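> Can you keep this structure in mind? I'll have questions shortly.
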Amino acid sequence: TRHLLGRDRPLPILAAEWFLARAEVVDHEIDASDQLWIFSGARAGREFLRRLAEDARRRGIAFRPPEVETPGRLDRLVQDAMVDQVEGRAPASEWELRSAWASALLKAPQDLAAPLVGAAAGDRDALAWSLAARLVRVTAELRLEQVSSRAILEAVPPAERPRWEAIIRLEARVAARLAKAGLADPDELLARAVAAGTVSPRRVVAAGVLEWAGWQRRLLERSGAVILVAAPAERGGG
């Protein structure tokens, strides 16, 4: 559901007014703790909450605020509903995941490492950690968009094939390393939850966010999110 808020004032003010016009006071309290609000930036979210808290103080009522996040944390919708253990393995922390990629890269044979580190193949120690961070991001984005590395391999130009072949081989080594440690890639778990449509029963409102990744759009649709847009009301309905 989309609502156009106008553009005469800053978005946090418009969003706060939209919230307050619909908030119910029960037993002298507004309870929005079951809501998740998404703003494009943390500052807008803080200003939104400040406006709501000021209104509650002025009216002398209790206020239980909604959770406020930025688009990158929309994964909270599935984290709330995901089981913390999969096949007896716990989700790896960010440091554990990045460390697994760095270790796999450092221990990889030269023919596997060369397409990824290029001319600096002899100095893998200096590159391993930063390169691991990039590989974590790339593979996570592909999983969430439900695109396999092998599908990318079939689509890239011939010059890019050696690098993607190396990523696929290295990804298998990382998975084996994590499994041996009793861990699972958290992005893989998230991708499974997105694909299955497993979302927590929370009311979701996104305010002023213009761009979404494919997996985020799927979560918004499955959660029945309300989308607030800073645009003149005459441009559309509601």
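The values are calculated or read from the model by the stated rules, or taken from the named source; none is laboratory data. Keep in mind the model is a prediction, meaning the values are calculated, not measured. So basically every Cβ, Gly included, is an ideal-geometry build from the backbone, and we count neighbours across all protein chains shown. What goes into the accessible areas is simple: the full protein's heavy atoms, side chains included, and nothing from ligands, DNA or RNA. Shrake-Rupley method; radii C 1.70, N 1.55, O 1.52, S 1.80 Å.
> Yes or no: Arg58 within 23 Å of Gly224 (Cα to Cα) and loosely packed, with under 12 Cβ neighbours inside 10 Å?
Working: within 23 Å of Gly224 (Cα to Cα): no; loosely packed, with under 12 Cβ neighbours inside 10 Å: yes.
The answer is no for Arg58.
> With the requirement that a residue be touching a Lys or Arg at 6+ places or on another chain (Cβ under 9 Å), outside any loop (DSSP other than H, G, I, E, B) and open to solvent by less than 20 Å² (accessible area, probe 1.4 Å), what does segment 179-202 give you?
Ala184, Leu190, Ala191, Val194
For every residue, the table says whether it meets (1) within 19 Å of Glu96 (Cα to Cα); (2) open to solvent by 80 Å² or more (accessible area, probe 1.4 Å); (3) acidic (Asp, Glu).
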site: Trp129; (1), (2), (3): yes, yes, no
site: Arg163; (1), (2), (3): no, yes, no
site: Ala166; (1), (2), (3): no, no, no
site: Arg177; (1), (2), (3): yes, yes, no
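> Something else: Please specify each residue of segment 211-231 satisfying the condition of being open to solvent by 60 Å² or more (accessible area, probe 1.4 Å) and in contact with a Gly (Cβ under 6 Å, 6 or more places away or on another chain).
Within segment 211-231, just Arg222 meets the criteria.
> Could you check how many residues of segment 1-57 are in contact with an Asp or Glu (Cβ under 7 Å, 6 or more places away or on another chain) and assigned to a helix (DSSP H, G or I)?
Selection size over segment 1-57: 2.
> Could you please find all residues in segment 7-30 being in contact (Cβ under 8 Å) with a residue 40 or more places away in the chain and open to solvent by 80 Å² or more (accessible area, probe 1.4 Å)?
Across segment 7-30, the qualifying residue is only Arg7.
> Report yes if Pro10 is over 21 Å from the mean Cα position of the chain (by Cα) and within 21 Å of Ala225 (Cβ to Cβ), otherwise no.
Against the criterion (over 21 Å from the mean Cα position of the chain (by Cα) and within 21 Å of Ala225 (Cβ to Cβ)), Pro10 does not qualify.
> Considering Arg203, Arg222, Arg163, Arg217, which residue is closer than 20 Å to Val68 by Cα, free of Cβ contacts under 8 Å to residues at least 60 places away in the same chain and more than 13 Å from the chain's Cα centre (by Cα)?
Result: Arg222 is the single residue among Arg203, Arg222, Arg163, Arg217 that is closer than 20 Å to Val68 by Cα, free of Cβ contacts under 8 Å to residues at least 60 places away in the same chain and more than 13 Å from the chain's Cα centre (by Cα).
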